[in-house]
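Worksheet: the structure to be examined is printed underneath.
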Amino acid sequence: MPWWSPHVHADRRPLLRTRGQIQAALRGWFAAQDFTEVETGILQTSPGNEAHLHAFATDAIGPADERNQRYLRTSPEFACKKLLAAGERRIFEFARVFRNRERGALHQPEFTMLEWYRAEEPYASLMADSASLVALAAKTAGAREFQFRSRTADPFAAPERITVADAFARYARIDVLTTLSADTADRDALASQATREGIRLANDDTWSDIFSRVLVERIEPNLGLGRLTILDEYPVIEAALARPKAADPRVAERFEVYACGVELANGFGELTDPSEQRRRFELEMDEKERVHGERYPIDDDFLAALAHMPPASGIALGFDRLVMLALGASRIDQVMWTADV
């Protein structure tokens, strides 16, 4: 039945009203932390330059009938970082974002991303933020635990923090760091270890393909069980917008937050070197063209802003997923006011 059927809407309405209460509570938390709420543009010159993110494209038609291709943003990241370059220091946004080729219990092509940034603050501060916001969402919803597909997590417990390398060793018996240097990745070395552990591979799988398959099949099902998990120190090759760790240039200041095996948030210590950022974007777009036969333009204005951006940390949290877990829903479209596409 369509979502607008009165009896369907009546069943969903209590969840939707609580969604609004959670959003209001989170806004209050940011206000108390001296954040400024911002609203950035949805139409962008570039939707982002990560190989496996897919955008919606359109034409901007000018008064002389000239056409310029634009994209619906996959994230507000580029615009928010430009605001940091402009002088903002603590900002957040409840952003409507759009990703093509995504649909399922945890995915919708249009959804709400809560993104926030702290200038001149370490990325570990975002881990503390995430734990506070998850607990606040649960408290507002009256939830004592999160549940999803028979998995549970206590949203009030202190999160577990584990590195990617330790997670690969613990759950897949793979030493991922031995397949990496500061600027290269050994595909065959990772393939050998994965094959030994019974992970099926294709001949044309890249290092990143293998990494992602191990992560999805062996690692993620074990994360966020009983309490939140913070999966930290992703390989630099898997962190196109994050700065390398000072202690080990093979890994980056990137982490993800999981609850009940569900990825909730993705945080970075932000890369601010425009030359290195361009190099990484070009590599990502080369891979996108190889796999999907297309590439997106690079936002030169964004790269120019990076040269003026202060050291900062930023994070994106899937607001619909957080609400879904707080309310015990089985699909994110149950906690979205409309889901037409």
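Total residues in the stretch 30-80 satisfying the condition of being acidic (Asp, Glu), outside any loop (DSSP other than H, G, I, E, B) and either more than 19 Å from the chain's Cα centre (by Cα) or at pLDDT below 95 (or both): the figure is 2. Of all residues in the stretch 329-341, those that are in contact (Cβ under 8 Å) with a residue 40 or more places away in the chain have Cβ atoms under 9 Å from Cβ atoms of residues that are polar (S, T, N, Q) and not in a loop (DSSP other than H, G, I, E, B), 6 or more apart or on another chain, in Val335/Thr18; Met336/Thr112.
Val216 fulfils the conditions (1) part of a helix (DSSP H, G or I); (2) buried (at least 16 other Cβ atoms within 10 Å of the Cβ) except for a single criterion, (2).
Among the criteria (1) small (Gly, Ala, Ser); (2) under 30 Å from Phe156 (Cβ atoms); (3) in contact with a helix residue (DSSP H, G or I) (Cβ under 8 Å, 6 or more places away or on another chain), the one Gly224 does not fulfil is (3).
What about Phe146, is it touching a helix residue (DSSP H, G or I) at 6+ places or on another chain (Cβ under 6 Å), among the aromatic types (Phe, Trp, Tyr) and closer than 20 Å to Val323 by Cβ? Judged against the criteria, Phe146 is a match. Restricting attention to the stretch 264-286, and to residues there that are in a helix (DSSP H, G or I) and of a type in the set (S, T, N, Q), which single residue is nearest to the chain's Cα centre (by Cα)? Looking at residues that are in a helix (DSSP H, G or I) and of a type in the set (S, T, N, Q), I get Gln277.
The set of residues in the stretch 222-263 that are among the aliphatic types (A, V, I, L, M), surrounded by fewer than 24 Cβ atoms within 10 Å (Cβ to Cβ) and in a strand (DSSP E or B) comprises Ile230, Val262.
The residues in the stretch 120-130 that are surrounded by fewer than 19 Cβ atoms within 10 Å (Cβ to Cβ) and either closer than 18 Å to Pro310 by Cα or in contact (Cβ under 8 Å) with a residue 12 or more places away in the chain (or both) can be counted, and the count is 5.
Residues in the stretch 161-187 that are among the acidic types (Asp, Glu), out of contact with any Phe, Trp or Tyr (no Cβ under 9 Å at 6 or more places or on another chain) and at pLDDT 95 or above: Asp166 only. A single entry from Arg99, Arg73 fulfils the requirement of being over 24 Å from Ala329 (Cβ atoms) and surrounded by 16 or more Cβ atoms within 10 Å (Cβ to Cβ): Arg73.
Scanning the stretch 287-341 for residues that are more than 19 Å from the chain's Cα centre (by Cα), polar (S, T, N, Q) and crowded, with 17+ Cβ neighbours inside 10 Å gives a single hit, Gln334. Tyr117 passes every criterion in (1) under 24 Å from Asp299 (Cβ atoms); (2) more than 16 Å from the chain's Cα centre (by Cα) apart from (2).
The values are calculated or read from the model by the stated rules, or taken from the named source; none is laboratory data. The model shown is predicted, which means the values in this text are computed figures rather than measured ones. Reconstructed Cβ throughout: ideal geometry from the backbone, glycine too, with neighbour counts over all protein chains shown.
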